[in-house]
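The values are calculated or read from the model by the stated rules, or taken from the named source; none is laboratory data. From a predicted model like this one, the values you see are computed outputs, not experimental measurements. Methodologically, a virtual Cβ is constructed for each residue, glycine included, from the backbone with ideal geometry; neighbour enumeration extends over all protein chains shown.
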Amino acid sequence: MSVDSVKTDSDAHMEKVTPNTPAVDLEAIGEREGYILDTTLAQNQDLKTTADGKTILIPQPSNSPNDPLNWSPFRKHLILIIISCTAFLPDYGSATGAVTLVPQGKEWNMDPNVVNHSQVGNVFMLGAAGPIIVALSAYFGRFPILFWWALLALATAVWCAAAQSFESFMAARILNGFFSTVAQGGGLMFIKDMFFFHEHARKINIWSGFIILSPYMGPLLASFIVNTQIWQWAFGLYAIETGLCLAAITLFVDETYYDRKTVQPELVPNGPRWQRMLGIQQVRSGYIQNSFSEAVMRPVTIILKPVVFVTAFAYLLMFAWVVGINTTLSIFLAPVYGFDAKAIGFFYFTPVVAAILGEVAGHWLHDFIAKTYTTRHGGRFEPEARFYAVWFSMPFLVSGLVLMGFALEREYHYMLAALGWGLYVFGIMVVTVAINSYVLDSYPEASGEVAAWVNFGRTCGGFIVSYFMVEWAEKEGTIKQMGTMCGVVGVAFFIILGLQFFGKRLRAWSGPADFKTG
């Protein structure tokens, strides 16, 4: 679209909106034709830019101080860290259960593999709850769903620690998985609400970093706890962490949804904050325009978009092995290297460091890709450019799996096994940010829905492979096993490659989401 056509659309739109409403929907243009970031492309437009005047702000903020885009950097980043810490909890708690299986089996006179059924149920709920969370958020608001889900996550976390029987523990674990995933399945909504397009990759990098780090921190800490304490303390620590996140949500988070499509009065001046936290104000004011049926259909509508479905499936193929390796690696470390629980705990420092390094590298990598692409394409950025980060990560994914497979089967030094694991986790960290950034750029009005389905693909893959990882390795050996994993990751890469070339056409063919609210 030319600058003149942008101006025409702006003039036509100005007649229908209040002065607080942005005159031109740059996100809608970006979805169709590429995001216009370079101010030299719109010199005659009255568009707001960054302080240096070089980058156009997408979306255009209103003039209201209540617009989350206009909040202070401190307030935005405080909420981002709280959301990220809350997103850290579900995988942390899930992986904690992998370490407590043996002491629980002894206490309840059960086979640890049977006790593991509680973990499988928990993992499944981490993904299945996402579409439900974002659908309810589209009706009741982001803040109340975050608060109530975090409150119930705390209650079920305490239940996990206090359970006296396997049946009680299993029920608590399944319910905890459903409620604890609120900031994983819906976290992208808060990032989209508070930050501009050119900031998204770095903020997603922070949020994703907590998520990727969490399944390794759980076993790391739990291994040290069960080595000296009863297993209940592993979940006691998890409950304390959940309580701290709930307290932070209660004290510092606010409703981040801001209506940019209608002339509705603003939500914030209409009542006290506690009413927004409980959802009372959103319901009373009718500020969020979706009917209940429309809110429920939003996740269904977005998964029927080809690029969302295909991207989530490709991510499933790449990420599934993270969960599979994480939940079964300790079974191989003990016989191959003679590791006890404490040594296994130390071994988990490897993926923790790798995830942190991936987060640090991604802080510059994704912006570098965006700036380079924009410079070479006349100031415009296409969502498909995000996938260049996947190209960067592929050598780490493949070499990491191959090295780990050979190290475990041929009993190389444990540092080589650790290096292989670290390479793979580093690559997955980079891939995760690229995937989430792509689907958000493709459908910015469906930030919650796309994140929920990507999260579903991630957890669904882990849920499936957990059933056969150990038996598979024992039957074929880790070299063949992880070689096959490399093949699956390669298939996922070619799917991503296809989206790079045909994604824009698929998006144009399927059309925008056309939701009432962003």
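Considering only residues that are within 12 Å of A418 (Cα to Cα) and hydroxyl-bearing (S, T, Y), which ones fall in segment 338-376?
Y348, T350
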- prompt: All but one of (1) β-branched (V, I, T); (2) touching a Leu at 6+ places or on another chain (Cβ under 9 Å); (3) surrounded by fewer than 21 Cβ atoms within 10 Å (Cβ to Cβ) hold for I83; which doesn't?
  reply: (3)
message: I'm told E266 meets every condition in (1) of a type outside the set (F, W, Y); (2) outside any helix (DSSP H, G or I); (3) outside the structural domain of G141 (by TED's automatic domain parsing); (4) under 26 Å from A128 (Cα atoms) except one. Can you identify the failing condition by its number?
response: (4)
task: Pairs only if they're at least six apart or on different chains, beta carbon under 9 angstrom, first in segment 107-124 and under 14 Å from T96 (Cα atoms) and in the same structural domain as S94 (by TED's automatic domain parsing), second outside any helix (DSSP H, G or I) and modelled with pLDDT of 80 or more; list them, first residue then second.
output: V115/T100
query: Among A370, A320, which is assigned to a helix (DSSP H, G or I), within 19 Å of the chain's Cα centre (by Cα) and either in contact (Cβ under 8 Å) with a residue 12 or more places away in the chain or within 21 Å of G209 (Cα to Cα) (or both)?
result: A320
query: Which one of these does Y257 not meet: (1) crowded, with 19+ Cβ neighbours inside 10 Å; (2) more than 25 Å from P61 (Cβ to Cβ)?
result: (2)
message: For segment 71-132, give me every one of the helices (runs of 4 or more DSSP H) that falls completely inside it and has 2 or more residues that are touching a Gly at 6+ places or on another chain (Cβ under 7 Å).
response: 73-99, 112-115
query: Considering segment 454-487 alone, what residues qualify as being small (G, A, S) and either modelled with pLDDT of 90 or more or within 27 Å of the chain's Cα centre (by Cα) (or both)?
result: G457, G461, G462, S466, G483, G487
- prompt: Quick one: which of I240, I302 is without any contact (Cβ under 8 Å) to a residue 24 or more places away in the chain, part of a helix (DSSP H, G or I) and of a type in the set (V, I, T)?
  reply: I240
- prompt: Out of segment 61-75, which residues are surrounded by 19 or more Cβ atoms within 10 Å (Cβ to Cβ) and within 21 Å of D367 (Cβ to Cβ)?
  reply: L69
